[in-house]
Each structure stands twice: as C-alpha cells, then as structure tokens.
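Here's the structure, in structure tokens; my notes come after.
The values are calculated or read from the model by the stated rules, or taken from the named source; none is laboratory data. Predicted, not measured: the structure shown is a model, and the values here were computed from it. In this analysis, Cβ positions are derived from the backbone assuming ideal geometry, glycine residues included, and neighbour counts consider all displayed protein chains.
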Amino acid sequence: MTSATIAPPGATSAPGGATPPPPPRRRRRWSRSAIFGLVFVLPAALYVLIFQLVPVVYGLILSFTTYSPLSRSGPEFTGVDNYTDLLGDADFGNALLVTGRYVLQVLPITVVLALGLALLVNRPFKGVGLFRSALYVPHIVSLTAVSMVWLWMYSQTGLFNEILGFFGAPAQSWLLDSDSALNAVSAMRIWKALGSNMVLLLAGLQSIPKDLYEAARVDGAGRWATFRYVTLPGLRPMLVYVVAMDIIYLAQGFAEIYVLTQGGPLGSTTTVNYQIYTEAFQYNQMGSASAMAFVLFALIIGFSVLAVRGVMGRQK
Amino acid sequence: MTASTASTDTRRASALRRMRRGHAPGERRVGSVILLVLVTVIVLVPFAWVVSLSFTPQAEAFGSVSLFPANPTLDNYTTAIFDADLGRALLNSAVVGLVTVATNCILAVLAGYAFAMLPFPGNKALFYTLISTAAIPISVTLIPLFLMARGIPLVGGNDILGQGGSGLLDTLGGVILPYIVMPMNIFLARQFFTSAPLELGEAARMDGAGELRIFFSVYLPLAKPLIAVVAIFSFTGVWDDFLWPLVVTSSQEVQTVQLALARFLGSGNVQYGPLMAGTVIATVPVLIVFLFNQRSFISGLSDGGVKG
C-alpha cells in the first residue's frame, strides 16, 4: 500500500561487483541465538504475511466470486465468470489500452531525458549537488499535490494558456478534450518521474568502474563508442531496475487521474486502476474488480519481464 | 568506495577525457551548466507559481496572474486551514505518520537486525518472501485489505468473528493498518546490519547481556543513519498516500492531508487560491524533511545502502 520502492540493484550486489561477500555466520541449528532471531523476526513477519500476502490469496479467491460488501451474505462463487466477462467488456478493454498508452508515452521519454540529466550531473563542478536536489523536488512532492499544481496550469487561466496567449494562440481546454487529456496527464508524469530516475541512473553511472573508461581511452574509443560500449552496458542493471519500477508505478496510475480528469472525458483517461476503484467502491462489485486487479497484475509482471529482457538485450 | 574517492576518480577521468579531446577545461562544463540551469528552471517553475497563487487574493486570481501578486494576502491560507478543515487533516496525517515511524523503527528494524545477525534455519527463504511483497501492486491488495479492515474483530462494533460492525473502516487505525511494517524497511535494516561488526555483540554476550539488551544498547545506537532513512521513508510514504485513505475513510474527521486537498475539487468551481495554499501546506513538512536529509534521501534511494 505504500509507495516505497523495492531495492535497486546496487543494494544487493553492486553492479560493479564491489560488495564483498558477507562474512560467514555461525551455522548451528536452533541455537539460542537462532531462537532469538526467529522471535525478533516474528512480529514483523506475521504482520507482513497477514496484511500483504494473505490479501493476495484473498483477492484471488474474490476474483472467482460475485460479492457486494453491502450485502450481509458472503461472496457467491461464480467460477471464471468474472474473467470471461472481462474478455467482452469494452470498458475494460478501453482501460487496458489507456493504461498501455500511458505507460508507453511516459516511460521512454522520461528514461531518456533522465539519462541525459544523469550524464550532465555526473560531472563534478561546484553546485552540482544543488541541481541534483532541485531536479529531485518533483519526486518529493506527493502525486496528489503535483496534480493540483498541474490542474491549475492546465486550467482556462493557467500557465499553459497564458503562454499560448502570449504568442497570440487561442486557449486550449487541455483536460476537457478527449484527444489531449491523456497526453496532458502524461506530460505531468514525465515531469514528476524525471528526478527520481535521474538519481537512480546517476548512482548507476557512478558504480561503473573508472578503469573501464581508462581502458576505452587507451583503446582510442570516441565519445559515442565509450557511451555505447562502456556506459550503457555498465548501466544495464540500474536501467533494468528503473524501467521495471516505472512500469509498475505508471501502470497503477490513480491519484493523478482522480485529481486531473476523474477518468474522463469519455473514458479517455480511465486507467485500469481507476476503473478498479470505481467498480469496487462506487458500484460495489468486489468480485469483478478483483478479477481486473489480477489481470492488471499479470500484465504488469509480463510487461516488466519483457522490458527487462529488452533492456538486457542479447547479454547472457 | 566512499563518495570522496568516487568524485576524485570521476574528476580525474573527465580531466583525462578532456585532455584527449583537446577541449579547454571548463568549455564543455559551461555548456552543460547552462543546459542544467534551463532544465532546472523549467522543472521548478510550476512551484514558483503555486507559491505565488497561494498569496494572490481571490479577486486577482482570475484573468492574467502575475508571478508577484500586487496585494499579497494570507486569506487563502486561513480559508484552507479553517474552511476546508485542513488543520484537522494535518493533525490526522501527523498522527498516522508518527505511529508508522514508531512501529517501523521498532518492528521492521528488529526483524532486519535478526535476519542479519541472528540467523535461524529458513531465514533466507522467509526474508525473500517478505521483501518480495513490496512488488505487489496496490490494486491487488486494496479490496482484500478493505474487507479485512472491516472485519477486524472486536472493534467498531464487530463481534469476535469480525461481523456486525464497521471494524477499522473510517478510523485512523484503519488508515494506519497497511503501513505498520513496510517490507522495504526490513530490507534496509538487514542491509545495514549485515555490515555491522559481530564482535561487539559477542563481547556483550560474554558479559552475560541478553539478546534484546544487545540489540537496544549495543547495535541500535550504531544505527542512527538507518533509523533516519526508515523514519523518512515511512513518514513520507504515509503522508503522500492517496488511494488507501480514500477507500478506508469516509468522514471528514479522519481524512488525511492528501484527501483534504482533493476535497477542494468536490464543489464544482475550483478555487485555486485556497487550493494552492493547501498544496503548499501539505508539501512543506515533506520538503523540510527532505532539505534536512538530502543525503539520506538521495543516497538511501540510489544505493540502498545506509552506511553513515
């Protein structure tokens, strides 16, 4: 339920292999310290199992039922009906397309721009820390708050229309036009994701062993060749992490949709997560909403794996 | 590798690259600094306008707004805090955030410590099971968690089987429920203690100290940087979340800051002045935490390492 990230690759083993193996620990089974170890872990472990893993199983079971939380009778088992219904559900198909388009138009732009920025702030000069921090600020501010900011910027008298007006162009209804609404939301997410991606890619850049650059220089490699054969391969583990995390986050877009467009106009910004929310908490269809959640879950896993394979390339 | 040797290395490497290409040192630097300044201004401009709008009187807010309002006013702030009940929401978010910080700093850090220092059979499998839950999408657990919050026994009019009442729905307890232990924090704690010296504990053990005592008086004092990162992540995670508080609360008395912001939108015609004042208020606490802990934020995120 949190927006906490799972750990970046540098955390478990540095991409450059700089982390020494952990020192060997005692291996006696169920020694006094082992019992204490289990006792110390137990409260947190039980909590996570009950409130993170059990809900997954519970949700999977719900997805095969029809259930309204308003009725006092429990969920009614309906087999795979929810899933087969989704196959012919035009609204759900639309939500999948919107979510896919959203991810596809934010992800490449934000990763490429963030990589460019990471390369720029990877040079040591006075005040570079200031730029790193300043560019990170949109990530610090909550998605709800930045959505409010952009809601104003897109409004009739907002910043974008002011700029258009300055050049004598007519004002646009950015968020009220089904052709431009999703693009407008995407622009905000690109702006928001830039800083965090930059910081992660910067860490990736700094973990590339410096003697590789030295070697490339000795071999007479040019700037592009160095980038292509030293920087990019060295950056891969972090790039994989960034792309996978971006897909996971973007595919779950909700707060920005709720604030900026409420899924409209004409469903043009109804993401799967937004549809799950309305299905479950406005129409009280917990069963079919759960089925949607698991379809989304499967697609997120599938596309993350595909993207990771793509980034890793032919590497073995 | 420490930060200072890394930057010396980078400096040397870039000096080498410049020499090879025959650029005057600093020439390319100026170009990239100009580019950076440009991008940074574009990234930060929206915030400047937000602050400006929050001090602009309602009457001036329509039509072309200037970055420096002619008659700056605090009216928007008083409207946001009192009329929209943002004050109550701030208090709720602070309570929820502080409880979450406390439970994570104790339970998650203790678990991470045990995973690193007190291995038991099956500890690795359990550890990876726990941290893998961090990748489960919110939408998958949202509905079950909602039903579980409703079915917590013996609260909110529920009987011992969790039936009959509303459980933790529409309470601050319900808002806190999913954050009590964040798997990410267990991971960070284990990473931290994996590099802590074993000898200190051994020595204390020789002296007859109990395991809990060793944790609290030997290792926890060493773990201040870890505690800082865990506290920051827990607090900002809860402070910023929107979807869970949205579904678990319904009355204005228990709404969090982000929900209070969204409530501005409910009444049709959006009043941007008070809304922007509210946005500033909701953002300032997190921004302050960030400004005082930039290193923890940026390095804690980027290398997962929390070494002092």
Failed item in (1) surrounded by fewer than 18 Cβ atoms within 10 Å (Cβ to Cβ); (2) not in a helix (DSSP H, G or I), with residue B:181 passing the rest: (1)
Subset of region A:117-164 (residues that are more than 26 Å from the chain's Cα centre (by Cα) and more than 8 Å from chain B (Cβ to nearest Cβ)): A:126, A:127, A:128, A:156, A:158, A:160, A:161, A:163, A:164
Residue A:196 vs. criteria surrounded by 22 or more Cβ atoms within 10 Å (Cβ to Cβ), hydroxyl-bearing (Ser, Thr, Tyr) and facing chain B (nearest Cβ under 9 Å): yes
Any hit, region B:192-209, residues being at pLDDT 85 or above, at the interface with chain A (Cβ under 8 Å from one of its Cβ atoms) and either in a helix (DSSP H, G or I) or crowded, with 16+ Cβ neighbours inside 10 Å (or both): yes
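Search region A:50-75 for residues being in contact (Cβ under 8 Å) with a residue 40 or more places away in the chain and not in a loop (DSSP other than H, G, I, E, B), and hand back the single one that is nearest to residue A:298 (Cα to Cα).
Among those residues, the one meeting the criterion is A:60.
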Sole residue being surrounded by fewer than 17 Cβ atoms within 10 Å (Cβ to Cβ) and closer than 30 Å to residue B:181 by Cα, chosen from A:62, A:49, A:97: A:49
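Would you confirm, using the coordinates I've provided, whether residue B:250 is polar (S, T, N, Q), more than 22 Å from the chain's Cα centre (by Cα), surrounded by fewer than 21 Cβ atoms within 10 Å (Cβ to Cβ) and closer than 30 Å to residue B:194 by Cα?
no
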Unique match (being assigned to a helix (DSSP H, G or I), more than 13 Å from every other protein chain (Cβ to nearest Cβ) and modelled with pLDDT under 90) among B:79, B:5, B:10: B:79
Residues of region A:271-282 satisfying the condition of being part of a helix (DSSP H, G or I) and polar (S, T, N, Q): A:273, A:275, A:278
So residue B:142, is it assigned to a helix (DSSP H, G or I), at the interface with chain A (Cβ under 7 Å from one of its Cβ atoms) and buried (at least 20 other Cβ atoms within 10 Å of the Cβ): no
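Matching residues to (1) farther than 30 Å from residue A:228 by Cα; (2) within 10 Å of chain B (Cβ to nearest Cβ); (3) within 14 Å of the chain's Cα centre (by Cα); (4) not in a loop (DSSP other than H, G, I, E, B):
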site: A:246; (1), (2), (3), (4): no, no, yes, yes
site: A:258; (1), (2), (3), (4): yes, yes, no, yes
site: A:269; (1), (2), (3), (4): yes, no, no, no
site: A:291; (1), (2), (3), (4): yes, no, no, yes
site: A:297; (1), (2), (3), (4): yes, yes, yes, yes
Selection within region A:35-94 - among the charged types (D, E, K, R) and more than 13 Å from every other protein chain (Cβ to nearest Cβ): A:76, A:81, A:85, A:89, A:91
Region A:120-151 - residue that is surrounded by fewer than 24 Cβ atoms within 10 Å (Cβ to Cβ) and of a type in the set (Phe, Trp, Tyr) and, of those, farthest from residue A:190 (Cα to Cα): A:125
